[in-house]
Amino acid sequence: MKKQELKISYFEYDSEKELTNDDAELLQKAREITDSAYAPYSQFYVGAALRLKNGKIITGNNQENVAYPSGLCAERVAIYAAGAHYPQEPIEAMAITCKSKTFHVAEPLSPCGACRQAIAEYEMRYQSNIKIILAGETGKIRVVSSISDLLPFMFKAEELKKV
Ligand code: THU
């Protein structure tokens, strides 16, 4: 038996003023779309904004349902909309943020596992890394340059081909 270690890396910014103009704009779009999330059950409003290779920005927010599992997270609403409308266009970057009606979110949002897997699919689909920018309402901003830093040992298509 041998203990193995895995290294991931991420960048932390004290404020969005330190981001590039393009990334700051993307985060702003994610913030704006949180307001129209449909989150009557959790009161937790999430917004995601994707920048495609052609420069187009696609946004999405969480859509809840009284049958809770029927709802969908903001990240998947946005990424599937991009896949539907721009199936040939790789995704360069994704900004994700949130706000709550019941408390102040001062930590960067940490995407759920299902959304990490969905983002991974789109990196593999286009063979192109997706920069992910994570923010709360205030506080530091966390950035990873690929989903592999958020989802080590991810399930990949090659696994399906193994005999
Ligand atoms: N949510 C997202 O939209 N993205 C995440 O990464 C985590 C959770 C939503 C789902 C649900 O509408 C609410 O936040 C509370 O879980």
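The values are calculated or read from the model by the stated rules, or taken from the named source; none is laboratory data. Predicted model only: the values in this text are computed from it and were never measured. Neighbour counts are summed over all protein chains in view; Cβ atoms, including those assigned to glycine, are modelled from backbone coordinates with ideal geometry.
Does LYS140 satisfy being modelled with pLDDT of 95 or more, charged (D, E, K, R) and either in contact with a helix residue (DSSP H, G or I) (Cβ under 9 Å, 6 or more places away or on another chain) or within 21 Å of SER36 (Cα to Cα) (or both)?
When the stated conditions are applied, LYS140 does not pass them.
Under 20 Å from VAL66 (Cα atoms) and more than 18 Å from the chain's Cα centre (by Cα), is that true of TYR45?
no
Do we find that VAL66 is touching a strand residue (DSSP E or B) at 6+ places or on another chain (Cβ under 8 Å), modelled with pLDDT of 95 or more and in a loop (DSSP other than H, G, I, E, B) in this structure?
no
Just to be sure before I move on: is GLU64 within 16 Å of ALA118 (Cβ to Cβ), acidic (Asp, Glu) and either within 8 Å of the ligand (Cβ to nearest atom) or in contact with a Ser or Thr (Cβ under 7 Å, 6 or more places away or on another chain) (or both) in the structure I sent?
Judged against the criteria, GLU64 is not a match.
Can we say GLY47 is among the small types (Gly, Ala, Ser) and touching a Ser or Thr at 6+ places or on another chain (Cβ under 8 Å)?
Details: among the small types (Gly, Ala, Ser): yes; touching a Ser or Thr at 6+ places or on another chain (Cβ under 8 Å): yes.
It is true that GLY47 is among the small types (Gly, Ala, Ser) and touching a Ser or Thr at 6+ places or on another chain (Cβ under 8 Å).
Among the residues of the range 71-120, what is the count of those that are among the polar types (S, T, N, Q), more than 10 Å from the ligand (Cβ to nearest atom) and more than 21 Å from VAL144 (Cβ to Cβ)?
2
Filter the range 123-137 for residues that are touching a Pro at 6+ places or on another chain (Cβ under 8 Å), within 15 Å of LEU150 (Cα to Cα) and not in a strand (DSSP E or B) and give the result.
The answer is ALA135, and nothing else.
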